[in-house]
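See structure below.
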Amino acid sequence: MRHVIIGTGPAGVTAAETLKKLDPGALVTMVGDEPEPPYSRMAIPYLLIDQIGESGTYLRKNNAHFKEFGISHVEGVVESIDQAKNQVHLGGGTEIGYDRLLVATGSTPVSPPIDGIDHPLVSSCWTLEDARRIAAVAKPGANVVLMGAGFIGCIILEALAKSGANLTVIEMEDRMVPRMMNDIAGNMIKDWCEERGVSVNTSTRVESIAEEGDGLSVTLSNGKSIPADLVVSATGVRPNIGFLDGADIKTDLGILVNRQMQTSDPHIFAAGDVAQGKDFSSEEFSVQAIQPTAVEHGQLAAKNMFGLKNASHQGSVNMNVLDTLGLISSSFGLWMGVENGESCELLNKERFRYINLQFCEDVLIGATSLGLTEHVGVLRGLIQTKTKLGVWKDRLIEDPTKIMEAYLGSTHAIGHNAKIMK
């Protein structure tokens, strides 16, 4: 059996290794478009602050890992897929035949339509090459502007702030991480950052970027212009599906897949950021661009490419955990709640402590927290198991800190006096 995997991120690497474990005799080929060993984008911020070297970003530390595994790693850009001949066409005329194909091409940064966005001193923070370019400029005293304070933007924010640069953050929405945090939590993260010397401008857009002297002048929607030695753009990403133009594969925001991670072509599967897979909470199909989902997708896709039965996707739990300059925030499931649902929250702004729970009948369906870590696994467990809380729902509404007691009580265990907020 010939398995070809387009993409060498967590989804692709996990799938390749799973396939070789299931079928050691299979021919497994990974195709990547960067001249680097497979690496984790989530490790790039640690590289920027010298906590790790470039090798620390690599998904597998042994240089001979894939060769020893019997996995071929080919560098090239996939230009098209010939479904009739079961072939992948790479730039330069290379063709690779497959019996089963996995598309794990991830996503790519989206550049907003702003004058000056193509200037050499404007960069995404998505690849190792981007990281090298940013590290060369983001030094103590440098003026750096970060466009975007979403999940990816806040991960980059951590590294840029720790670099010693004078950091200004520009976010179009009215709060930070708007797709992960509600108004209260998002603005508490803003306050936390500003107390640590980061200038954060919400409800603000970058209108233009122009060269000025040896650096840049960034004009904002509030009429201000600020100097910058570097502008880092983190305004969103989109799935890499452009090479599928003309292919007979159903797409929407990403590649549509079923519970087996199979596309509309039975010989082609998709996984990771590029796959529009099942959401556990909403029962809808959506793109979840987080590494745990990519790994889960890769394993499931490989099992189904091999032909295992009962390898069905039950849906990924929407889960985001973020460390912003030492403040841990998290959101799970339907953190924004549902119509006719109930909710409760507890807030301590001075100590940067916050928790919000969302219910549908007596089931916890979503949660948001700030400054709390002890309960993270329990929250996810209650949501993922759809545990019926019974009387514990009303007790949580009265005191949301009794999460551990609710978990133990609703699962018939012996409770204890766990306190997570003082």
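The values are calculated or read from the model by the stated rules, or taken from the named source; none is laboratory data. Owing to the predicted nature of the structure, the values given are computational and were not obtained by experimental measurement. All Cβ positions, glycine included, derive from the backbone under ideal geometry; neighbour counts span all protein chains shown.
When you check Glu405 against the structure, is it of a type in the set (Asp, Glu), more than 20 Å from the chain's Cα centre (by Cα) and not in a helix (DSSP H, G or I), yes or no? It would help to see each step written out before you state the result.
Details: of a type in the set (Asp, Glu): yes; more than 20 Å from the chain's Cα centre (by Cα): yes; not in a helix (DSSP H, G or I): no.
Considered against the rule, which asks whether it is of a type in the set (Asp, Glu), more than 20 Å from the chain's Cα centre (by Cα) and not in a helix (DSSP H, G or I), Glu405 comes out as no.
What pairs can you find where one residue is in the stretch 113-134 and farther than 23 Å from Pro227 by Cβ, the other is surrounded by fewer than 19 Cβ atoms within 10 Å (Cβ to Cβ), and their Cβ atoms are less than 6 Å apart, with a gap of 6+ or different chains?
Short answer, once both residue conditions are applied: Trp126/Pro109; Leu128/Glu36.
So which residues in the stretch 54-80 are closer than 20 Å to Gln291 by Cβ, assigned to a loop (DSSP other than H, G, I, E, B) and over 21 Å from the mean Cα position of the chain (by Cα), if there are any at all?
Lys61
Considering only the stretch 373-402, how many residues are at pLDDT 85 or above, part of a loop (DSSP other than H, G, I, E, B), among the charged types (D, E, K, R) and within 30 Å of the chain's Cα centre (by Cα)?
Number of matching residues: 2.
Hey, among the residues in the stretch 162-209 that are under 21 Å from the mean Cα position of the chain (by Cα) and of a type in the set (Gly, Ala, Ser), which one's surrounded by the fewest Cβ atoms within 10 Å (Cβ to Cβ)?
Gly186
Within the stretch 227-250, identify whether any single residue is among the β-branched types (Val, Ile, Thr), under 21 Å from Leu22 (Cβ atoms) and surrounded by 20 or more Cβ atoms within 10 Å (Cβ to Cβ), and answer yes or no. Break it down stepwise before answering.
From the stretch 227-250, those among the β-branched types (Val, Ile, Thr) are 231-232, 235, 237, 241, 249; that's our starting set.
Those still in the list that are under 21 Å from Leu22 (Cβ atoms) too: none.
Checked against the condition, which is being among the β-branched types (Val, Ile, Thr), under 21 Å from Leu22 (Cβ atoms) and surrounded by 20 or more Cβ atoms within 10 Å (Cβ to Cβ), the stretch 227-250 yields no hits at all.
Output the number of the condition that Ile328 fails; it satisfies all remaining conditions of (1) buried (at least 17 other Cβ atoms within 10 Å of the Cβ); (2) in contact with a Ser or Thr (Cβ under 6 Å, 6 or more places away or on another chain); (3) in a strand (DSSP E or B).
Going through the list (1) buried (at least 17 other Cβ atoms within 10 Å of the Cβ); (2) in contact with a Ser or Thr (Cβ under 6 Å, 6 or more places away or on another chain); (3) in a strand (DSSP E or B), Ile328 breaks only (1).
Given the conditions (1) farther than 19 Å from Ala302 by Cα; (2) out of contact with any strand residue (DSSP E or B) (no Cβ under 7 Å at 6 or more places or on another chain); (3) modelled with pLDDT of 95 or more, report the number of the one that Asp265 does not fulfil.
Here Asp265 meets the rest and fails (1).
Assess whether Arg395 counts as being surrounded by fewer than 17 Cβ atoms within 10 Å (Cβ to Cβ) and either within 30 Å of Gln262 (Cα to Cα) or touching a helix residue (DSSP H, G or I) at 6+ places or on another chain (Cβ under 7 Å) (or both). Quick ask: steps written out before the conclusion?
Details: surrounded by fewer than 17 Cβ atoms within 10 Å (Cβ to Cβ): yes; either within 30 Å of Gln262 (Cα to Cα) or touching a helix residue (DSSP H, G or I) at 6+ places or on another chain (Cβ under 7 Å) (or both): yes.
Spelling it out, Arg395 is indeed surrounded by fewer than 17 Cβ atoms within 10 Å (Cβ to Cβ) and either within 30 Å of Gln262 (Cα to Cα) or touching a helix residue (DSSP H, G or I) at 6+ places or on another chain (Cβ under 7 Å) (or both).
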